[in-house]
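Here is the structure we will look at.
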Amino acid sequence: MGDAVNKTLGTQIILTSDDIRQWHEDIQRAERQKREADEIIADRRRKLDAAAIFGVKVAPIQPAPEGQEESFYGAVLRIGASFDRLVEHHEIQAELRKIPRFAAMLDKNKGAYYYAVILRLKNAGEIKKLGRKLRFIHKNETPPEGNPEGAS
């Protein structure tokens with residue numbers, strides 16, 4: 001009978017008890033990770049619901065265009081346009097630092113290039129500076145002339 005088994009299966013062992021044991025362990029590990037992920041998701045949803053009660057709303061930042069290299073000027077404009085409120089410089093810089101190429105630009109010359117780009121955006125009418133905060137002008141709106149934000 002040993003010869004018949006070797007003929008049908010050859011000399012290779014197809015399945016071992018260790019394989020089966022490993023599969024059971026893999027399933028248990030995956031189920032444990034799934035439970036942990038579900039707990040994290042439920043916790044974050046509760047926190048987001050609580051934040052929504054207080055009126056906290058975060059607009060998602062638009063992703064960089066794919067397939068082409070984005071300029072620093074374009075990145076500042078894209079990131080700033082995602083905010084529907086007054087923005088501080090450190091908020092824009094924090095988002096820019098997530099892109100390694102722009103992080104190096106910010107570190108060089110202590111951010112002088114960043115402020116030069118902000119000045120260019122202001123002169124182009126893309127932003128309005130209000131003290132230390134910035135307001136990015138959206139394409140479909142025009143800012144009131146001579147009337148600062150929040151003034152009546």
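Each reported figure results from applying straightforward, stated rules to the coordinates on display, with no laboratory input. All values reported here derive from a predicted model rather than from experimental measurement. Glycine gets a Cβ as well: all are built from the backbone with ideal geometry, and neighbour counts include every protein chain shown.
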Cα-based Rg then Dmax for the range 72-136, in Å, read 10.9, 30
Going residue by residue through the range 31-40, the Karplus relation 6.51 cos²θ - 1.76 cosθ + 1.60 with θ = phi - 60° gives ³J(HN,Hα) values, rounded to whole Hz and with x marking Gly or Pro, of 5, 5, 5, 5, 4, 5, 5, 4, 5, 5
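Efficiency by 1/(1 + (r/R0)^6): what FRET value for D107 and R132, r their Cβ-Cβ distance, R0 = 25 Å, to the nearest 0.05?
Computed FRET efficiency for D107 and R132: 0.75.
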Any chance you could run the full-extension gain for L15 through R120? It's 0.36 nm times the residue separation minus the Cα-Cα distance, nm to one decimal. 31.0 nm
Full extension between A37 and Q68 adds, at 0.36 nm per residue less the Cα distance, a length in nm of 7.7 nm
Nearest-0.05 FRET efficiency for R44 and K98, computed from C-beta distance (R0 25 Å): 0.80
